[in-house]
Amino acid sequence: MDRRDFLKGMGALAPGAFLARAALAATTSQSCPPITSSILDPGTLTPFLDPLPSLPVARQSGMRPNPEDPSRLVPFYRMAMKPCHVRVHRQLPPTMVWGFENASRSLFPGPTIEARSGEPILVEWANELPLKHFLPIDHHLHGAGTNVPAVRSVIHLHGGRTPPSSDGYPEDWYVPGKSKTYYYPNGQDAALLFYHDHAMGINRLNIYAGLEGLYIIRDAEEDALNLPKGRYEIPLVLCDRFLHQDGSLEYPISGIPGKPWVPEVFGNAILVNGALAPYLDVEPRRYRFRILNGSNARFYRLSIADGGDSLPVYGISSDQGLLPAPVELQTLELAPAERADVVVDFSHYRGKRLLFESYPFPIMQIRVADDGNQDTSSLPGKLRPVQRIDERSAVRTRYLTLDEYLSMADQSVGMLLNQTRWSAPVTEKPTLGTTEIWEFLNSTEDTHPIHLHLVRFQILDRKPFDASTYLATGEVSFIGDRIPPEPMEMGWKDTARATSGMLTRIIVPFLGYHGRYVWHCHILEHEDNEMMRPYEILLAKA
Ligand code: C2O
Ligand code: CU
Ligand code: CU
C-alpha cells in the first residue's frame, strides 16, 4: 500500500473533510525541496579535525527582586538574541547564525543556564536581531502573515514548570529592540531542559537559525548519587542543518511560489554543540553525556561504535530527570525535543578511537586516552523512585486524533491536532490539581513527538490499530495488544512519541499553575503549520 492509498481515505472523514478539500484546491504543483549544487556534502570535509566545543555556562549580571516576594533577591541573567558567526568546521568559512549573547560572548547553541531546584531566577530575553529574516517565511501560515513584522521572537523554557506569563506563549512575540524578563521558579526535580524560540508561524526558522540552548536544573538528590560531574559531565546538543559551500545556512523551500513551507527538514550535516564532525578526548573512565535532540524534525538512533560493535551505554534520565534505575542500551532513540542522559564507561577502551553516530551519520569521534585520573564517580543501581500513576486517579480521558492532509500530488499540506486549527476556541481545559489521560490516535505516516507545556507526565502504553480502515471509515479497530513504554520512557516525560498507527496514552497530573499554555507536535514544521493548540488549566471551583 503506498502513501496515497493509505491516506486517500482522508477526504471521507467527515469533520476534517472541508480542510482536506480546501487544501487540495489550493495546491496545484508538486515539487521537492530543491537541493542546489552549492549545498555542501559533509562527506567532502576531513572529519574529526576540530575538538568538540564545550558549551559555556551563562553568567548572571547581579540580583533582582523576586517578583513573587520583592523582599528577596534572585539571580538575574541577560540573554540577547543576536546574529553571530560560528565556525562549524575548520575547512568551512564561518556560518552566520542567530545565537545568544551573554557576558559579551555570542553563542550558538546559546550559553547553558545552570539552576537549582527551588531557587528562582530571572532572565531577560532581549531581541537584538536584525529587522529582516534570512530564512524563507511562509506568509500563508497562521500568525506569519504580511501584516506582522518579519522578525519576531519569544522564548520558551521547554520542560519548565513556569507561570503562564513567563512561558513564552507563541503569540507573545516581540520585535527587535524589545525585550521581556521572564521568571523561572525552578520548582521541579533536577532535569535537562532547554530554551528556544516559540514565535508563532516562524518558530521552525528561528530555531533553525540557532535560537536554542540548554538549561540544567540540579538538586541535592541527584548530587548525592555521585554521577560523573564537572569535566566528566558533557552536554551534547544535536541538530541537523543544510549548509552551503560558503558556510551559510540553507533552509529548504517547497518550490511552490509564495508558499515555501516544507513538511519536514532533514539536514545532511549533523552538528553537535554547533560543530560538524568534531572529536572528543576522554579519559578511560565513566562519563555522563546529557543529550538534547534540538533538531527541527530528525529522529536519532544514537550509538557509540567500536569498529562494528556498539558499546553498552546506560540511560539514566529522560526529559524530566532521573529514571528509577539505569537502563542498558545499545542504541538511544531521541525524537525532536527529547532529552536523555547516558553514562558510558570508557575504561575498557584505552587508546581506542570510537565513533558516536546516528547510523549512517557519523557525529563525533571519541578518542580514549591511555591513562587518566582515578575514577571516583559511581553509577548506582537505583537512581530515583518514580511512582507509577494509577490510571484510576484520572478524572477524565481525552481522545485526540493526529491528522494529516495531502494534496492531489500526495504532498503533505499540513497536519492538525484533533482536526482543529490553532485559532479555534480552547477545547482542552483540565482543572488544576487533577489528573487526566490523554490518548493520541495517530493515523499519519509520521511519528509525532507531542509536547505539553508546564507539566510532566508518564507514558501508559501504545496500542496498534488499523490505520487504513480508520482513514476509510473512521472506525478504530485494534490489531495488537497494548505495548508498555520503553525502558527509557519509564521516568517523567514532557514529550511523548505518538507513534504512527498507534493509540499512545499518557497520564498527566496538571500541577503548578493555572492559565493558558500550549500543546503541540515538536516537529517544528508541523508545529508552525497548525499542529499546535492552546490549552487552559482552570482553577477548581470553590
Ligand atoms: Cu520545546 Cu512548545 O516547546
Ligand atoms: Cu515546552
Ligand atoms: Cu508532527
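The values are calculated or read from the model by the stated rules, or taken from the named source; none is laboratory data. Not measured: the values here are computed from a predicted model. A quick note on method: Cβ atoms are made from the backbone with ideal geometry, for glycine too, and the neighbour counts reach across all protein chains shown. Just so you know, the surface numbers come from the protein's heavy atoms only, side chains and all, with ligands and any DNA or RNA stripped out. Shrake-Rupley method; radii C 1.70, N 1.55, O 1.52, S 1.80 Å.
Quick notes on this one:
- Within segment 144-187, being hydrophobic (A, V, I, L, M, F, W, C) and within 20 Å of the chain's Cα centre (by Cα) holds for Val154, Ile155, Leu157, Trp173.
- Enumeration of residues in segment 151-161 that are away from ligand 1 (no atom under 11 Å from the Cβ) and touching a strand residue (DSSP E or B) at 6+ places or on another chain (Cβ under 6 Å): Ser153
- Filter result (in a loop (DSSP other than H, G, I, E, B) and within 11 Å of ligand 2 (Cβ to nearest atom)) within segment 156-168: Gly159, Gly160, Arg161, Thr162, Asp167, Gly168
- Test result for Glu475, acidic (Asp, Glu), more than 16 Å from ligand 1 (Cβ to nearest atom), open to solvent by 10 Å² or more (accessible area, probe 1.4 Å) and in a strand (DSSP E or B): no
- Every pair of residues 6+ apart whose Cβ atoms lie under 8 Å, when the first sits in segment 74-91 and is among the hydroxyl-bearing types (Ser, Thr, Tyr) while the second is in a strand (DSSP E or B): Tyr77/Asn102; Tyr77/Ile113; Tyr77/Ile121; Tyr77/Leu122; Tyr77/Val123; Tyr77/Glu124
- Hits in segment 132-160 - residues which are surrounded by fewer than 23 Cβ atoms within 10 Å (Cβ to Cβ) and basic (Lys, Arg): Lys132
- Taken over segment 403-414, the criterion of being in a strand (DSSP E or B) and either within 16 Å of ligand 1 (Cβ to nearest atom) or open to solvent by 30 Å² or more (accessible area, probe 1.4 Å) (or both) is satisfied by Val413 alone.
- A single entry from Lys429, Lys463 fulfils the requirement of being without any contact (Cβ under 8 Å) to a residue 60 or more places away in the chain, more than 16 Å from ligand 1 (Cβ to nearest atom), open to solvent by 30 Å² or more (accessible area, probe 1.4 Å) and over 16 Å from the mean Cα position of the chain (by Cα): Lys463.
- Of all residues in segment 505-542, those being over 30 Å from Val265 (Cβ atoms), in contact (Cβ under 8 Å) with a residue 24 or more places away in the chain and either among the charged types (D, E, K, R) or in a strand (DSSP E or B) (or both) number 6.
- Those residues of segment 162-189 which are surrounded by fewer than 19 Cβ atoms within 10 Å (Cβ to Cβ), farther than 22 Å from Asp528 by Cα and within 16 Å of ligand 1 (Cβ to nearest atom), in sequence order: Pro163
- Residue selection: Pro509 satisfies the criterion of being within 22 Å of the chain's Cα centre (by Cα), away from ligand 2 (no atom under 16 Å from the Cβ) and surrounded by fewer than 23 Cβ atoms within 10 Å (Cβ to Cβ).
- Candidates in segment 441-452 are the residues that are touching a helix residue (DSSP H, G or I) at 6+ places or on another chain (Cβ under 9 Å) and assigned to a loop (DSSP other than H, G, I, E, B); of these, the one that is nearest to ligand 2 (Cβ to nearest atom) is Asp446.
- Applying a threshold of 8 Å to beta carbon distances and a minimum spacing of six or more residues, or different chains, the list of pairs starting in segment 319-348 at a residue that is open to solvent by 10 Å² or more (accessible area, probe 1.4 Å) and of a type in the set (Ser, Thr, Tyr) and ending at one that is away from ligand 3 (no atom under 16 Å from the Cβ) and outside any strand (DSSP E or B) reads Ser347/Pro284; Ser347/Arg285; Ser347/Asp375.
- Looking only at segment 190-228, and only at residues there that are within 13 Å of ligand 1 (Cβ to nearest atom) and not in a strand (DSSP E or B), the one that is surrounded by the fewest Cβ atoms within 10 Å (Cβ to Cβ): Met200
- Scanning segment 260-284 for residues that are outside any strand (DSSP E or B), open to solvent by 10 Å² or more (accessible area, probe 1.4 Å) and not hydrophobic (A, V, I, L, M, F, W, C) yields Pro260, Pro263, Glu264, Asn268, Glu283, Pro284.
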